[in-house]
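Q: One structure coming up, written as structure tokens, with questions to follow.
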């Protein structure tokens, strides 16, 4: 039965008087969308009435004070009541409803809670070379300790030993960086104590210090969107399917109920583009809305802060002296905030050792037409620095212009320990991407106090000819010195996914030479790789090297003879890890890792993101080195190689290791006593198919063909009770051998009739 508001309604229910009628609890469908709720209605004749609070919960806008409203009294509403389905279908113009906005294609999601085990890690890289009767060897080492809630303590050092003509071996060891880092992922905040850098902006300089730093690190929440994203706000009059296209590529497809919705576009790179939203209702009617956008990661999302504060002393003679620090303390602070999605403000200040600077800047996206930036900073003694820039990236053209200038008095803290900031720094770039070609030009001008300006211009072109062949050329010219010119042209031919041939010619000032190069890089999953090169000209010669990468590390050996220099060399790098009471050899680990345990089951394949990464060793362990800290990493085992008498409780796991640490991932494998029993009657005839076998534990087993039944959880001696299809019973005794493994076949076992 259908009802419209133009029919003559019955008397409206008086909210002050209890309404007599039939009580109903009906499923509600609003504008074609099931609300998944039951509502209480009162049926008076042919009219349905409901509590006003329940109607408001559905999205109806009703005046305050009404306790009961009949549907026929609501202007614009139509409804039908299905007695058999106990359902009421209501249609109401969406403009007269207050419906929640549906958020589609939400780019953010929660990451798995980050965890860390306790352990030690040593990364090493040892390089040795010999040529001209002299040799040298160097080793770079990183020692890292980590533990849950205690952060990461790390130290890097460089050891060198080398021969000098006419003397023996000499060398030294230099400490590079020592720091303790503690992360607070819920607050996207990191505390660093030791060697670190001061914060900086595009118009200030970072300084290497030893001290303490506290600030934001968005890497702790990798699925959090920090830059503003293009969004479309629309409204569907009826349940519809919605599709989103970004530059002609479908990015999202889904369903939306009637009502307002919000759809987010996630561009792949910073650029201008166009997005299209296509709505299609149940009748196949489509509507398309196109809107332009400009994505820029230099901007912060509205209300988002990015900040850091540092206090310490400046590190000097880095890589030469292990403990050279300045005497005067310095402090630094940096803060950026998204005022709106189109405007980000930033400020930076630093002081110490007789210097002090402070400045502010802005990054602005005016109406989607690229990104403008401007800054101004002042220092003690009347120094000033100011800058401005513009960048725009489109589908076919990208442009970038920026300039940073300072007066003779401008000095930052780093000026006390090195060169002052440049007086003038200008850059310009224009590039084009048309079909299979990329080309462009750039200009750079740089001037330091007391020195003339250096000006360079460059041009480049890259053309993909198809079938793996590409040509590229570049020209760089010093505008202040005509002879300072370099030119390069090369052709690259990719024979397959890994093997590449390259031929090139290059002129650098007065030298001209050609190079032929062939390489097959080592695959990230491991294996062999090689590289050979031949070179013409005054410094002609060649080189050849071969490398191997495995789960235990990487080794490279090679020889080079270019010009007067001839030498052979070798390099080995990898890691040694102690965790969970075990020691592992591994490839170099720059980020996070996991130790997979199958509780002693050896030879079990382990998968990382559905790709095989190794098999467990004799201890049932495997170290997987290529995990991403803070992000979801899916590990799994392939149980197909498990013996038939072993069971695994789970076969996959998602883990998120914390900062440069390792996690233990357990896939418990339990051995069960299982066997294939052959059951026969007293005459030796196999028991009939469909008979059930009760072992006294677990569900009864079913007898298959030839009297065979799979039984598990067996004891040393198990009494079997068999119920045949005709209801008769018999018993048999199964003795499980102590030395049995896998799935032994036991029997025939005579099943004797039960008394």
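Q: Check 576, 583, 555 and return the single one that is exposed (fewer than 15 other Cβ atoms within 10 Å of the Cβ), modelled with pLDDT of 95 or more and part of a strand (DSSP E or B). Working first, answer last.
A: Numbers: 576 fails: exposed (fewer than 15 other Cβ atoms within 10 Å of the Cβ); 555 fails: exposed (fewer than 15 other Cβ atoms within 10 Å of the Cβ).
Every option except 583 fails the conditions.
Q: Next question. Of all residues in segment 44-67, which are in contact (Cβ under 8 Å) with a residue 24 or more places away in the chain, in contact with a strand residue (DSSP E or B) (Cβ under 7 Å, 6 or more places away or on another chain) and part of a strand (DSSP E or B)?
A: 47, 48, 49, 60 - these are the residues of segment 44-67 that are in contact (Cβ under 8 Å) with a residue 24 or more places away in the chain, in contact with a strand residue (DSSP E or B) (Cβ under 7 Å, 6 or more places away or on another chain) and part of a strand (DSSP E or B).
Q: Restricting the search to segment 701-755, which residues are more than 12 Å from residue 677 (Cα to Cα), assigned to a loop (DSSP other than H, G, I, E, B) and in contact (Cβ under 8 Å) with a residue 12 or more places away in the chain?
A: Across segment 701-755, the qualifying residues are 713, 715, 716, 724, 725, 728, 738, 740, 741, 742, 754.
Q: List the pairs whose first member sits in segment 484-501 and is under 11 Å from residue 470 (Cβ atoms), whose second member is not in a strand (DSSP E or B), and whose Cβ atoms are under 7 Å apart, counting only residues at least 6 apart or on separate chains?
A: Matching pairs, first to second residue: 493/468; 494/468.
Q: Name every residue in segment 607-654 that is surrounded by fewer than 17 Cβ atoms within 10 Å (Cβ to Cβ) and closer than 22 Å to residue 573 by Cβ, in order of residue number.
A: Within segment 607-654, 617, 628 qualify.
Q: Follow-up. Would segment 681-700 turn up any residue that is under 30 Å from residue 621 (Cβ atoms) and in contact (Cβ under 8 Å) with a residue 24 or more places away in the chain?
A: Among the residues of segment 681-700, not one is under 30 Å from residue 621 (Cβ atoms) and in contact (Cβ under 8 Å) with a residue 24 or more places away in the chain, which makes the answer no.
Q: Name every residue in segment 182-202 that is outside any loop (DSSP other than H, G, I, E, B) and in contact with a helix residue (DSSP H, G or I) (Cβ under 6 Å, 6 or more places away or on another chain), in order of residue number.
A: In the first step, residues of segment 182-202 are kept if they are outside any loop (DSSP other than H, G, I, E, B); the result is 182-187, 189-197.
Of everything in segment 182-202, those that are outside any loop (DSSP other than H, G, I, E, B) and in contact with a helix residue (DSSP H, G or I) (Cβ under 6 Å, 6 or more places away or on another chain) turn out to be 183, 185.
Q: Out of (1) modelled with pLDDT of 90 or more; (2) assigned by TED's automatic domain parsing to the domain that holds residue 581; (3) surrounded by fewer than 17 Cβ atoms within 10 Å (Cβ to Cβ), what's the single condition that is false for residue 665?
A: Status for residue 665: all satisfied but (3).
Q: Here is a check on your reading of the model: is residue 333 in contact (Cβ under 8 Å) with a residue 40 or more places away in the chain, within 32 Å of the chain's Cα centre (by Cα), outside the structural domain of residue 274 (by TED's automatic domain parsing) and over 22 Å from residue 413 (Cα atoms)?
A: no
Q: Now for a different question. Determine whether residue 533 is in contact with a strand residue (DSSP E or B) (Cβ under 8 Å, 6 or more places away or on another chain) and farther than 22 Å from residue 132 by Cβ.
A: Considered against the rule, which asks whether it is in contact with a strand residue (DSSP E or B) (Cβ under 8 Å, 6 or more places away or on another chain) and farther than 22 Å from residue 132 by Cβ, residue 533 comes out as no.
Q: Could you tell me whether any residue of segment 682-705 is touching a helix residue (DSSP H, G or I) at 6+ places or on another chain (Cβ under 6 Å), crowded, with 16+ Cβ neighbours inside 10 Å and in the same structural domain as residue 740 (by TED's automatic domain parsing)?
A: Within segment 682-705, one or more residues are touching a helix residue (DSSP H, G or I) at 6+ places or on another chain (Cβ under 6 Å), crowded, with 16+ Cβ neighbours inside 10 Å and in the same structural domain as residue 740 (by TED's automatic domain parsing).
Q: So, one more: From the list 118, 34, which one is within 30 Å of residue 224 (Cβ to Cβ) and surrounded by fewer than 16 Cβ atoms within 10 Å (Cβ to Cβ)?
A: Residue meeting the stated conditions: 118.
Q: Right, another one. Restricting to segment 203-216, give me the number of residues that are assigned to a strand (DSSP E or B) and either over 25 Å from the mean Cα position of the chain (by Cα) or buried (at least 18 other Cβ atoms within 10 Å of the Cβ) (or both).
A: 8
Q: Sort through 219, 238 and tell me the only one that's under 29 Å from residue 370 (Cβ atoms) and not in a strand (DSSP E or B).
A: 219
Q: Then there is this: Return the residues of segment 515-529 that are over 18 Å from residue 574 (Cα atoms) and surrounded by 17 or more Cβ atoms within 10 Å (Cβ to Cβ); say none if nothing qualifies.
A: Of everything in segment 515-529, those that are over 18 Å from residue 574 (Cα atoms) and surrounded by 17 or more Cβ atoms within 10 Å (Cβ to Cβ) turn out to be 515, 517, 518, 520.
The values are calculated or read from the model by the stated rules, or taken from the named source; none is laboratory data. Note that this is a predicted model, so its numbers are computed, not measured. Cβ atoms come from the backbone with ideal geometry, glycine included; neighbour counts cover every protein chain shown.
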